[in-house]
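Quick note: the coordinates plus some simple rules give every number you see, no bench work behind them. Just so you know, these numbers come straight off a predicted model, no measurement behind them. Reconstructed Cβ throughout: ideal geometry from the backbone, glycine too, with neighbour counts over all protein chains shown.
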Amino acid sequence: MVVLHVLSNDKKQVDEIAQLLVKEKLILSAVIQENLNSIQRGKEGEIVNKNQILITGKTKALLFNSIDKLLREKYPLTMPELYSIPIVSMDWKQADQLINETAKV
């Protein structure tokens with residue numbers, strides 16, 4: 001099990017992705033955090049401040065590649081940042097819910 005992170009600058013894209021992933025049972029639920037400040041290096045080494053939006057959702061690790069493929073197909077030119085973080089421990093009832101209410105692998 002993992003926590004999926006999807007980062008984007010586009011509110012419309014974030015809303016579409018969250019609804020799609022929940023609808024397709026690729027994540028159990030979506031939590032959206034807006035107005036996250038990110039500091040990065042620009043193309044020429046300059047410091048760039050970005051305002052980003054984060055979707056987090058619990059899912060099965062085996063669904064990550066399906067999620068990645070789906071988002072790459074839907075957003076070939078504006079692919080959001082996508083990564084996952086392992087869940088080491090979880091309440092057993094919530095783990096069972098995650099297993100039973102997400103897509104079968």
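Taking springs between alpha-carbon atoms closer than 10 angstrom, which of D68, D15, D91 fluctuates most in the Gaussian network model of the chain? Result: D91 has the largest fluctuation of those listed. Using equal-weight Cα scatterers in the Debye expression, the normalised intensity of the chain in log10 at q = 0.10, 0.11, 0.17, 0.22 Å⁻¹ is -0.31, -0.37, -0.80, -1.18. Highest GNM mean-square fluctuation, the chain, Cα pairs closer than 10 Å: which of N35, N65, N49? Answer for the Gaussian network model of the chain: N49.
Qualifying GluC sites (Glu not before Pro) in region 1-88, where qualification requires a DSSP coil assignment and no more than 11 other C-beta atoms within 10 Å, comprise E44, E46. Under a cut-off of 17 Å between alpha-carbon atoms, report the aspartates and glutamates in cross-link reach of K74, not counting same-chain residues fewer than 8 places apart. Cα-Cα hits under 17 Å: D10, D15, E16, E24.
Using a Gaussian network model of the chain in which every pair of alpha carbons under 10 angstrom is joined by a spring, one finds that among K23, K60, K43 the greatest mean-square fluctuation is at K43. Under 26 Å of direct C-alpha separation, and excluding same-chain neighbours fewer than eight residues apart, K93 reaches these lysines: K23, K25, K58, K60, K104.
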